[in-house]
Structure formats: C-alpha cells, structure tokens
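Only the coordinates and a few stated rules stand behind these numbers; no lab work does. Everything quoted here is computed from the prediction, not taken from an experiment. Here the Cβ positions follow ideal geometry from the backbone for every residue, glycine too, while neighbour counts run over all protein chains shown.
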Amino acid sequence: MIQVYAATNRDFTQNGDMTLINCTSCELDVTLNSTNAITLVHPIDKEGRWKYLEKECVLKVPAPNIQDQLYIVKDVMQTEDEITVTGVPLFLGTKRVLVDVRPTDANGQQALDKILEGTQFKGHSDITARYTSHLIRRQLLDAIMSDDDNSFMSRIGGELFIDNFDIYVNDRIGIDTGYRFEYNKDITSIEDNSNTSKVLTRVMPLAYGGRTIPEGFVDSPLIGAYKEIYEDVVAFDNYKLVSDFGEDEEYGENDLVFNTEDQLYAALRKAVKQLYDDGLDKPTMSITFNITTLEHMEEFKGFENLLNVGLGDRVQLHYDPLNIDVTSRITAYTYDCLKEEYSSLTVGDIVGGFVEIATSTNEKLNNILNKNGTVAGSSINGTINALNTQFKAQRDVAEKQHVRAILFEDLDPESPTFGAMSLGTMGFEIASERTEDGRGWKWSTFGTGQGFVADQIVAGVLSAVMIQNTSGTFQMDLSRDNGMIFRNNNQDAIKIKGNNIYMYDWKGNNGIVGAIQSVVESNNKIVAGVAFTHKPHGYNAISYESATNSSNAHSYITFDKYNVRATEDSPHPITIYEHVDFYGARAYFGEHCIQRTINGELGIWDSDGNYLMYFNKSKDYAGFSGDVRVNGSLSVSGTKNCVQQTDNYGVRSFYAVEDAENYLTDRSSQIFDVEIDSKGRFIRRIDLDPVFMECVNTDIDYTVEIIKQGWGDFRILEQTRDHFIVESDCCDFTFKYVVTAKRRGFEQERLRKMEEDNEVSR
C-alpha cells in the first residue's frame, strides 16, 4: 500500500492524506553510497487521486527488509494519460545550513551527533576513527557525504544507509548471509561487467631522478594468465637517494631515503610486489541479476532466498560461463514496491556517488585467477569476509583417516579456506602453508595431552583462572569475581574490577593508591566520563622519563589534594612544573578566554568573540577594546595620550597636561552675560555644578579663571564654596569660565616620590 502525505502534512505516524491503489509502477533504485531514488507512475484517474502527487509531497512505500520508507517528491511530469513523480529519502531532500559546527577528535557516532544536532534525524555509526573538522556555513548533506576533503565520509570513510529518520554511516553495512546460488550456462539474465582496464602484469618502477631497477621490469605471478601482457611505468617519486639532497636541504615528510642504489632497487621491487599482492594484476567485476526473468525458471528453484538479502549483504555465487566462485556483496538493487520484491540485484564493485570511492589496491579482487587462468573470484573489491559461512563454502576437502590421525585438507591455494588440520591421539596439528616442493604441509603443533602451544590463538571465549609467564614473576589472576589482578613478583600491582582500573602501592603496604574510573555524574542530566582518582594517601602525576636515567621520572604536573608529598615547592593541590604553551589553542576562564593570535598578540576575549584586551610584544603595546578602570593610582613612565581620528591626517595623539597637585577642572562651554542689580552694578552669579562639587573640595580655596568674550573689564566680586559672582564695568560684557579645585580625597597629594621600577623576574 502506497500512501501520500501532502506537502503541509509532516505527521507520518498517522495514515497519509491519500492511498494510491491504481499505480502503474513504483520502483526504488538504490546503489550503495550512490543512488537512492523512487519513480512512481500513476494514471490520470477520474477519482482524482493523482492530484495528490505534487512537488514536496511525501510517499510512504514498502522497502526490502525494513519498515516502510518515506520519500519526498522533487520532480513531477504529467502527460494526458499519466503522471510520473521522482523523489529521494527525506534525509537526502533536506536543506539545512550548518553555521558553525566543529566536531573535534570525535569518533563516528560523536561526529554524527554533532552534525545532526537540532535536526529531526538521528545518526548511528560504528566508525572508531577520529574526525576533526570546521564546518562553517556548510549544507548538512555536504558536511556528511560530499567529495570535499572536510566532509565526514571523505575524511574517515564509511557506508551510508538511510532508514527514514535514522541515518547510519558504518564502516560496512549489511550482513554475511551464507546464501549460495548456482547458475547454469544458458542464463541470459546475468549482466557481466568485468573490467581489466586498470590491470598491470608488468611494471617498470621509476624512482626520483629517473632511476629504475637494472632489469627494468617486475613481472606479476599472473602474467601468463592473460592473453597479452599489460605493461606500464609506475612512478615512486618519493623514493630517493641520500645523494639527491644538498647539504642544507631537508628531507620531505613523505620521502623514503636510501643510502645505496642496491637498497633503492630492493625497495622498488618490494613496492611493485606489494602492488601485485594488493590486486594491481587482477580485474574488477560487477554482476547484475534480473530477478524478474529468473524467478519463473525451474533451474532456479530456491532463488526466492534472494528476496531476504539487503544492501551490503554478502552472498556466494557460482557462475559456470566464467567459472566464477564469488563471495561478494549486494551493491545495488531495483525494488518493485507494488509486488514487494526485487526486480534486479547487483553484486560486485561499489561505485562512486556521494563520495568518490577511491578503490585502493587492497580493495581489488583478491586471488581471482586460478593457476590454470580461470577466474576463481573468492572475493570482489574489499568484500572478503566469510568467517561465518566458511564451512558452508568449503569445497575440494578431503577426509583421510589414518591409524593415528584424521586429516582435513583444502588443497586449493586460491580458496579462502586453504589449509589443513590433523587430529590424533598425539595431539592437534595445523597448517596454512605447503612445503616448498608442494608435497606436504608445514605443520605446527597446536596442542597435546600436556596443553596447548601456539604462536597465535583466535578464540571466541577463553576461560582461565590464572595466566602467567614461564618464570612466574608476572601473573594475571582471574579467580576473583568480576575482576582481574595483575601481580609483579607476587605483589599486587593492578586490579581491574567493573569499570575501574585500580593501582597499588606495589613497593609498599598502602594498598590501592589511585584508579582510572568510569564515572557518571547527575547534574540535571546524566553525564558519563573518565576520572583519574587518587586515595587520600596517594597523588596523581603526569610525568616524563629522565633522559639520563630511565628509572627516574619527572613530573609535568601533580595533583596532590592532601599534600602527601609534603614538598616545599608544591604546597598547593595542583602544581605545574614546566612552562605551559597554549599554541594554537585557547585557555577558558568562565565566559572569557585567553588566546594567542596569528599576529603574535596575546588577547583576552569575551563570550561573543570580541577582544577585551590584547598585548603585542613586537610593537610593545597593550590595547583595550572597551573602557579601562583603575582603582588605584596609575603611573606612566611615558606619555598619556588622547588618540583622535582625523579626516586628512590619520590618527593623532593629544597629550595630557600634568600638575604638581591633584586637581579637577570644570570648563563652561556657554557664554554668559551680565545683568544690572539693584545697586546698578553689572554682575553675574555662577553656581557651581552640584556633581562637580561632590568630586572636589571647595572648602579649600579654588581657582576661577574668566575668559573674556566681549568689551570691558571685570573682577571676582564674591567667591564661596558653592558659587562665585563676576562684576564688569560695562553692560555688554560676556565671558566663559574655568573652575579648578582640589580632587576630593587627594587634597594633600603633591609631587609624591615614586619607588624605582625594577623589572619583574620570570
């Protein structure tokens, strides 16, 4: 059943606005890390159901092996008889800009959480590689899957799988199904796309300076398997001799430098051999199966198993015309949403799409050719993973029983299960290599009645009580519940219990002195982390080994809450013993931070990213972006300047006028005139500004300067603590004034002697 949700309806938990029951066709085309699209065709029906098919509407359709999927319609094409719409998953149709998102040293899950934060989508990833990127003004989809070096999938890889609002980017999607399918020679529904265009079977390695090996070429072991020789030159420009460098010339980061030509030649031969081992001499392949054609053929009884596979799943295929034995992956499919079955499946190469999938040499078809030149194809392009189904895939296995043993063999060196095992009363023997003459196996004794001996053990569950070295000086004791104790010379050294790693005072009797712990704090929300904890009788330190005595260590920093070290040089809980460099980083203090800039300045920033203060050593000055307040005295050995921007002369400095005593001045900008009083005098009373009066002490005599603005003479008729009166000899006298008074609280300051300024030692 296919449902349509109108562009204005985004409640997908309910039924859609219309159910489509007369669709002509509806198919999903999906390719791993590439295409994911729907194409639906509907007739122009008289009921008008077709009218709901418009741009930005959402289709809910059946999909293989997962819940119904939501596709948003992006294109609509209408004819007289029918309407055709195409769409993509909701996630691929989203338009969202990441303004400033910075995943830092994040694994796949953490990075997706950061990128998808605030969206309706939830990310899932099992990628352990670390990802750091600055995603500034980037489209959400580009940030995850573009070809840009900064994107998630370009940087750390992965394969994309979309399940509505759940977005998976895992190392590899799909499962190992164990399915095996047989096809006979007359099948016309299989499209074979093998590719030998990049195959090389004879390589001339070329080092820096045009040097190559004396014999010229290195041949592939498979050179005789092809009808012709595929020959080319491969450059190794970073392979160099010491003589290629001048006396003062430094080696490049990627340079491989050799002292002699013989060493260089040997390295070139080895490099070409590695290219062959990685698949340079082997073709890539892709096979597409037309399910619709095959499903009704009698010889394909059991083909229905293919309906249970999904994108990325591994299957086993045998195809007689090419003599292919393939363990490969489902890399693309076409799914009929009306019939709810596959129309076609493609196994083989993964093609580029959202991200350019750079097929490295070790992703190429491994061991695809048998010794007789036929294709064996145990895997295709990085899909070797048959551990869960290896016994289903075994062939050419001989069981030979002798008096003392049972022998299991897979004699085909091209088989993924190539090897042998012998069982008998004398013990177990295993082998993965034949002798040089090819007549027998290189056996290794794995186990006897006395125990097991092996260079390497691969196991699911290994149960033990005690593991120790041959001398017994080092032990791992598993006898305790929920934990393990490591002992050094029979003295407890480390204990692992639950989520904690405990450290012992293994040279004394103080028991556990500290631990590495998994902790959970509850502060409005559950927060998990890792803690380095010490006991009251212990301390923590980050240290380095002495260059002169490997048994001695020196501390970078110590954490000693209880001062158990009792040293005079570190009386505080946290002590840093070395210089600290925040190069390329910021030190945060609450909402502010200190940062060294690219201009060599040391700045203090506010929470909005604005400078509050900065220091420039090269220019020998400090700057402040806002007001500066000094609670004490400000002493300046240079000048005190007012900086003024001019229109024609740049920024100019004005210098402060200094005095032997501490005064404040109030200067009038208004021009005052005089008035005739009752006595016929030409006078003007000026009351001191009350704010100014509270800043100065007018009980001490203060100075009044009169600045004449008109004709006549004048005198100060009266001067009190709160006003003064000016008298003139003419009626049109005008003036301005300047009042200078002692600053309150600093009345006695006069030419105070300063202490000598000594340089502060570092």
Worksheet item: Near the amide H of Lys282, under 5 Å away, which other amide H atoms are found, from residues 5 or more places off or on another chain, if H is placed in the peptide plane?
Response: Leu200
Discussion item. Using the Karplus curve 6.51 cos²θ - 1.76 cosθ + 1.60 with θ = phi - 60°, what ³J(HN,Hα) values do you get for each residue of the range 208-215, in whole Hz, with x for Gly and Pro?
Written reply: 4, x, x, 7, 9, 6, x, 6
Fill in: Backbone HN-Hα couplings from phi across the range 704-717 [Karplus 6.51/-1.76/1.60, Hz, Gly and Pro as x]
10, 10, 9, 10, 5, 10, x, 6, x, 10, 8, 8, 7, 6
Worksheet item: Are there GluC sites (Glu not before Pro) in the range 43-98 that DSSP marks as loop and that have at most 15 other Cβ atoms within 10 Å, and which are they?
Response: Glu47, Glu54, Glu56, Glu80
Response to the item:
Long-range amide H partners of Ser344, meaning residues 5 or more apart or on another chain whose placed amide H is closer than 5 Å, are Ile291, Thr334
Response to the item:
Exposure-ranked with fewest Cβ neighbours within 10 Å first, Met18, Met1 stand as Met1, Met18
Response to the item:
Residues whose built amide H sits under 5 Å from the amide H of Leu717, excluding neighbours closer than 5 in sequence, are Ile725, Val726, Glu727
Worksheet item: Using θ = phi - 60° and the Karplus curve 6.51 cos²θ - 1.76 cosθ + 1.60, what whole-Hz ³J(HN,Hα) does each residue of the range 100-106 get, with Gly and Pro shown as x?
Response: 7, 10, 10, x, 10, 6, 9
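Provide the net charge surrounding Lys273, with neighbours chosen by a C-beta distance below 12 Å and charges set as Lys +1, Arg +1, Asp -1, Glu -1.
Net charge around Lys273: -2.
Working from the alpha-carbon coordinates of the range 45-126, get Rg over Rh, Rh being the Kirkwood radius.
Reported Rg/Rh (Cα atoms, Kirkwood Rh): 1.14.
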